[in-house]
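Report on the structure given below.
No value in this document is a laboratory result; all are computed from the given coordinates. Since the model is a prediction, treat every value here as computed from it, not as a measurement. Please note: Cβ atoms are built from the backbone with ideal geometry, for glycine as well, and neighbour counts cover all protein chains shown.
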Amino acid sequence: MIAERQAHDRSVVGALPRRDFLKLSVAASGGLLIGLYLPASKAAAAATFAPNAFVRIGTDDSVTVIVNHSEMGQGVFTALLMILAEELDADWTKVRFEPAPVDPVYNHPVFHMQITGGSTSTWSSFDQFRNAGAAARAMLVTAAAQRWNVDAASCRTEKSIVIHSASNRRLSYGQLAESATKITPPQQVALKDPKDFKLIGTPLKRLDTPEKTNGKGIFGIDVKLPGMLTAVVARPPVFGGKLKSFNADKTKAMPGVRKVVEVPSGVAVIADGFWTAKRGRDALQIEWDEGPMADFDSKAQREQYAAMAKQPGLVARKEGDAGSAISSAAKKIEAVYAVPYLSHAMMEPLNCAVDLRADHCEIWTGTQLQTIDRMNAAAIAGLKPEQVQIHTTLLGGGFGRRANPVSDFVSEAVHVAKAAGAPVRVIWTREDDMHGGYYRPMFYHSLVGGVDADGNPLFWSHHLVGQSIVAGTPFEMIIKDGIDPTSVEGADDVPYAIPNLSVEYHPAKIGVPVLWWRSVGHSHNAFVKESFIDELAALGGKDPFELRRKLLTKSPRNLGVLELAAEKAGWGKPLPARRARGIAVHASFESYTAQVAEVSVDSDGKVRVHRVVCAVDCGRYVNPGIIEAQMQGGVIFGLTAAFYNELTFEKGRIQQSNFHDYPMLRINETPEIEVHIVKNNEKSGGIGEPGVPCAAPAVTNAIFAATGKRIHRLPIRMNEAVGGSKEDLK
Amino acid sequence: MIRYRDVLRSIFSILLCVVSCLVSANGQRNAASAAAFEAMLPVLHHPRCMNCHSAGDFPRQGDDSHPHAMNVRRGPEGRGVTSQKCSTCHQDHNLAGLHMPPGAPDWQMPPRNTPMIWAGLTDNQLCELLKEPKQNGHRNIDQIVEHMTTPKLVLWGWNPGEGRTPVPMSQADFAAKVKEWAVGGAVCPAASSSASHAATQ
Amino acid sequence: MISFSVNKRPVKVDVDPSTPLLWVLRENLELTGTKYGCGMAQCGACTVHINGQAVRSCVAPVSRAAGKEITTIEGLSPDLSHPLQRAWLEIDVPQCGYCQSGQIMSAAVLLNEIPNPTDDDIDQALTGNICRCGTYPRIRRAVHRAAEMMAKGGAR
């Protein structure tokens, strides 16, 4: 019960607790039209009707929606348009998207800066886009009513047409566009009753599919500017390293190489094209001062974390008295879990194009963090933020990597542009991207738990060690009492009714740059929490589904998805030999998911995931087609990490570099993934990230069910699980 | 006067001598040919060769002979299937850099109907398989020698690109052993020798 | 000078012959639909056709294209009418979209050779194409759907 209350109160919105930001925010609700308008000078030309910053209606009936969130695959260029078009009563076939420029009017209504993250886009902009659509509609209706000299209330709208039924007169929005520009925007508008929604809640096709199917879509790496050069940068092989000296004679002798310059991040080779720049970079002779991380080693780090976990930590959660419950438990179990550093490995490696002039700077890149990128770029360029414009392109995946508070890939490109003397883009190779830092942090978890004589969980004590993501960044203010909520989310809000529960956090200070990685703290805490509750179920001789069910009676939405997933997966029904099911349930980003994985393990320890059944409750939703895709993608993202991914350090250097040693799940390994969406009227939650957390524990719990072997460390190492004996698996 | 019986005896003894001498020379040739074949084995058993003469309907890669990434298949011609042919990634030359696709002209593995799977064979079985016209592409011994000593794809084993171990014998030594084996009658080692290369099964 | 044809248009480029075809397409010929993902034939984002065969253009030197016919995603159809493109639209396959050119170009070779592919055929054809967003379930559906469209509409 307490856990459920906490989950609602704290409302961790991805990286940022909504509670903290809501205090600062003026919620745009109830149809009050605030924060919708661009300054007059920035409004579009009069040929089109631009009633506010979010929509333009052309005399050709086109409806252009300006989207303040970056499209990185999660579908904002469709879902947000549906919301606006719903209230506008727009003809869906005429609706187009356009990425927003950087301007405070496009700030995230909760985070107060332009940002795409925390699985917040659709719900946070819901009212904003409804109001923008409704206001535009009201002005069009007023324009029509004035022209017909009738009461606006006697007009209705349908598919971009204002209709006066009594006189059977009709005018399209395009026909009204010019006269509507003369109408004063309303102070307040009525919004539709959700039961009248025609678009919201339907699986409309994505609007960005055509340009992603014919090669025409422009990602950051595709931007071409007149006279543009391309740079590839040599960066230190060790984090914290610095340039000592370099010799560029060979590089400079290459045809097509224009300049070789020192930048704060290393040495940039600026050339006519990528291939020349890359070959030029490879030919540099560089001496680095490797700095304090020169001997950094993953094994030593793990030992350091293990020692830290034995000390008292910062209390993130305390219910009852886990310490004294240890002695009264009938049985107890200890476990250590570990997860590695992970790369986001977006398919489009980092890149950024910059055209820097004396009095302004234009930047083209796929970013999730426009406001901060602009501030950082302006500071480097010696300009005011208003003199910097960012053109947000399509993002070839983001997953958090392109929302960097220090704007690494933008800042560096501006430094290169200062030296280039021409428009320039910096392209990171795959290896550069994988070695570039800002990883999901490595975490070490140490747990003790116990059950009473009836096998019911009695206590749960959890110590987790890892780096804070926000420490030392502008987001540091969310740290409370030393605890970074992005480190403990999913661990401190254990929803299970366990009388004695303690969670202690040990922040580690390590010089490896870390960042939010799709589902952030939940990406490891759900694995630990859902594995350990499975361990307690086994310890107490309980069915893992039934035990969760019993402990979630006060958490109805967790319980709802748990039961739905179990039912659809046929929990308890017989399976072929060597196959088993595992279950996991987790709340994240204000949505609830449960997954049941069906897994087989062959005698060599080879694991095959055959089927994943996923139930999701994200409250009131906009587009179930996109939700299905996001959940499937989230499961695959989670399975990829569970089976394959880890970044390890030796002598300060990352040992992995590209997809041959940091593999991705591929189509032939992809299970059947069923998605079941709960329909209700609860407040909307996120959908981009909640598919990830349950994937790993559902699979490792299934491996346990199939083999009796518990996976404590990701990626899954069946040789460790097997314990050297294949017999155990037979 | 020469007696007929003496002549017969002489002829017999000469014949006996010739036959016994022949048998003895043959024995030496047999042994040398089979020994030459055995000397070839470290090359034939090397991952650079075995990875495409491997068990299963797919190539392997690496010195540990793990199955080729990306679910690559042999295909009817030994050149892959549909959009994953050998030539999709492999060029006619090695590419610079670690872990880059290796290459040589006509990059392929044996075709499906004559897959030339060496994995799991005894030395004798491997030798007999090489000579079996139905399996070796109807090559006679001279053509086998040609195949083992001249195509650039075979010679690639001595120049496999950055980060890959070459086959363990100079190309000249290997070619000499192949010729020695052939000239000696392409004799196979005794059938009793045990399975020589089960590791890549 | 290296001469070849791209999307049925003859081109000549004056570049180092060892330059990967990918960068010639993207930079010299401004066909940016073909993507860079890994530079080592691991991800498939750069897949194009050379004389109808799938090739990872990030590792194919442009010299390999000499005298050949190259097809990129931009040349698959002028108007999204290829059955694969129609199926991609119907099934709503892409998420971020970055890998999709390569997925479609690989699938096109598959359907040319096997007009009615099984799931196993799809696995053998498309395992070389990574999608980080995880659109694989829809890719599978869309390839089957395109095969159906081709069967109904006659082979292209």
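Using the Cα centre of the stretch A:58-128 as the reference point, and only Cβ charges (+1 on K/R, -1 on D/E), how large is the resulting charge dipole? Debye, rounded to the nearest 20. Don't jump to the answer; show the numbers that get you there.
Numbers: 2 positive and 10 negative charges, 58 e Å.
Dipole size: approximately 280 debye.
At a Förster distance of 45 Å, what's the computed FRET efficiency of residue A:330 paired with residue A:477, Cβ-Cβ distance as r, to 0.05? Intermediate values should be presented prior to the final figure.
Working: r = 45 Å, r/R0 = 0.99.
That pair, residue A:330 with residue A:477, gives E of 0.50.
Just how far, in whole angstrom, is the stretch C:6-35 from the stretch A:214-282 if you go by their alpha carbon centroids?
The stretch A:214-282 and the stretch C:6-35 have Cα centres separated by 20 Å.
Put a dot 7 Å past each Cα toward the Cβ at residue B:158 and residue B:98; how far apart are the dots in nm?
Inter-label distance under the simple model: 2.7 nm.
Among C:1, A:293, which comes first, then next, by fewest other beta-carbon atoms within 10 Å? Spell out each step's value before the answer.
Values: C:1 7, A:293 19.
Starting with the residue having the fewest Cβ neighbours, the order is C:1, A:293.
Which residues among the stretch A:150-187 fall inside the zone where the amide N is under 13 Å from a point 7 Å beyond the Cα of residue A:59, along Cα→Cβ?
A:174-181
Report ³J(HN,Hα) in whole Hz for each residue of the stretch A:240-250, in order, from the Karplus equation J = 6.51 cos²θ - 1.76 cosθ + 1.60 where θ = phi - 60°; Gly and Pro get x.
Running phi through 6.51 cos²θ - 1.76 cosθ + 1.60 with θ = phi - 60° gives x, x, 9, 6, 9, 7, 8, 10, 10, 4, 4 Hz.
What aspartates and glutamates sit close enough to residue A:331 to cross-link, taking a C-alpha to C-alpha distance under 18 Å and skipping anything fewer than 8 places away on the same chain?
Straight-line reach from residue A:331, under 18 Å: A:321, A:452, A:454, A:534, A:535, A:543.
With only alpha-carbon atoms in the gyration tensor, what are the semi-axes of the equivalent ellipsoid for the stretch A:31-198, in Å, largest first? If you can, show how the numbers build up before the last one.
Working: eigenvalues 142, 53, 40 Å².
Here the semi-axes work out to 27, 16, 14 Å.
In debye, nearest 20: dipole of the protein assembly as shown around its Cα centre with unit charges on the Cβ of K, R (+) and D, E (-)? Provide the component values of the computation, followed by the final result.
Working: 115 positive and 109 negative charges, 266 e Å.
The calculated dipole for the protein assembly as shown is roughly 1280 debye.
Residues of A:656-662, mean number of Cβ from any other protein chain within 10 Å of their own Cβ, rounded to a whole number? Numbers along the way, then the final one.
Numbers: counts 0, 4, 8, 12, 9, 2, 1.
Mean inter-chain Cβ contacts per residue within 10 Å come to 5.
Residue B:143 versus residue B:49, label points 7 Å from Cα toward the beta carbon: distance in nm?
That separation, rounded to one decimal, is 2.0 nm.
Give me the orientation-averaged projected area of the Cα convex hull of the stretch B:36-183, in nm², one decimal.
Average of the hull's projected areas for the stretch B:36-183 equals 8.2 nm².
Return A:195, A:568 ranked ascending by Cβ neighbour count within 10 Å, so the fewest neighbours appear first. All intermediate terms of the calculation are to be shown ahead of the outcome.
On the way: A:195 5, A:568 16.
Fewest-to-most Cβ neighbours within 10 Å comes out as A:195, A:568.
If neighbour count is taken as other Cβ atoms inside 10 Å, put A:333, C:73, A:483 in order from fewest to most. Could you put the intermediate results ahead of the total?
Values: A:333 17, C:73 28, A:483 21.
Fewest-to-most ranking of A:333, C:73, A:483: A:333, A:483, C:73.
Among B:54, A:66, A:233, whose Cα sits farthest toward the positive end of the charge dipole of the protein assembly as shown (+1 at Cβ of Lys/Arg, -1 at Cβ of Asp/Glu, about the Cα centre)?
B:54
So for each of A:271-278, A:114-121 I average, over its residues, the number of other beta carbons within 10 Å; can you give me the resulting order with the highest mean first? All intermediate terms of the calculation are to be shown ahead of the outcome.
Working: A:271-278: 23.0, A:114-121: 27.1.
By packing density, highest mean first, the sequence is A:114-121, A:271-278.
Among the helices of chain C (complete DSSP H runs), which have Cα atoms covering no less than 15 Å along the helix axis and a Kyte-Doolittle mean of at least -0.5?
Working: long enough: C:100-113 (20 Å, 0.41); C:136-153 (25 Å, -0.68).
Going by DSSP H runs, the hits are C:100-113.
Would you mind computing, in nm to one decimal, how far apart the modelled labels at residue B:128 and residue A:306 are, each placed 7 Å from Cα along Cα→Cβ?
Calculated label separation equals 5.4 nm.
What lysines could a cross-link reach from residue A:332, if we take a straight Cα to Cα line under 26 Å and drop same-chain neighbours fewer than 8 places away?
A:310, A:318, A:529, A:542, A:550, A:554, A:709
Using +1 at the C-beta of Lys and Arg and -1 at the C-beta of Asp and Glu, which of A:122, A:633, A:57 has the Cα lying farthest in the positive direction of the dipole of chain A?
Looking along the dipole axis, the top candidate is A:57.
Using only alpha carbons, build the gyration tensor for the stretch C:2-76 and give me the equivalent ellipsoid semi-axes, biggest first, whole Å.
Values: eigenvalues 54, 36, 24 Å².
In descending order the semi-axes read 16, 13, 11 Å.
Among A:568/A:679; A:299/A:651; C:12/C:68; B:131/B:179; A:159/A:683, which pairs are too far apart, with a Cα-Cα distance over 18 Å?
On the way: A:568/A:679 16 Å; A:299/A:651 11 Å; C:12/C:68 12 Å; B:131/B:179 14 Å; A:159/A:683 28 Å.
With Cα atoms farther than 18 Å apart: A:159/A:683.
Excluding residues on the same chain fewer than 8 positions from residue C:8, give the aspartates and glutamates whose Cα lies under 14 Å from its Cα.
Answer for residue C:8, where 14 Å is the Cα cut-off: C:69, C:74, listed by chain and number.
Quick one: what do you get for the protein assembly as shown if you divide its Cα Rg by 2.2 N^0.38 Å?
On the way: Rg = 33.2 Å, N = 1087, 2.2 N^0.38 = 31.3 Å.
Relative to the rule-of-thumb radius for its length, the protein assembly as shown sits at 1.06.
How large is the charge dipole for the stretch C:36-156, taken about the Cα centre, if only the Cβ atoms of Lys, Arg (+1) and Asp, Glu (-1) carry charge, to the nearest 20 debye? Don't skip to the end; give the middle numbers.
Working: 11 positive and 11 negative charges, 36 e Å.
With Lys and Arg at +1 and Asp and Glu at -1, about 180 debye.
Round to the nearest 0.05 the FRET efficiency obtained for residue A:225 and residue B:69 when R0 = 30 Å and r is the Cβ-Cβ distance. List each step's numbers first, then the result.
Working: r = 37 Å, r/R0 = 1.24.
With a Förster radius of 30 Å, E is 0.20.
Counting only other chains, what is the mean number of Cβ atoms within 10 angstrom of the Cβ of each residue in peptide A:635-647?
1
Could you work out, residue by residue across A:216-224, how many beta carbons of other chains sit within 10 Å of that residue's beta carbon, and then give the average as an integer? Working shown, then result.
Details: counts 5, 8, 1, 5, 0, 5, 8, 1, 4.
Average per residue, whole number: 4.
Any idea what diffusion coefficient chain C gets from Stokes-Einstein, in µm²/s, Kirkwood Rh on alpha carbon pairs, 25 °C, 0.890 mPa s? Please list the in-between numbers first.
Details: Rh = 15.6 Å.
D, rounded to a whole number, is 157 µm²/s.
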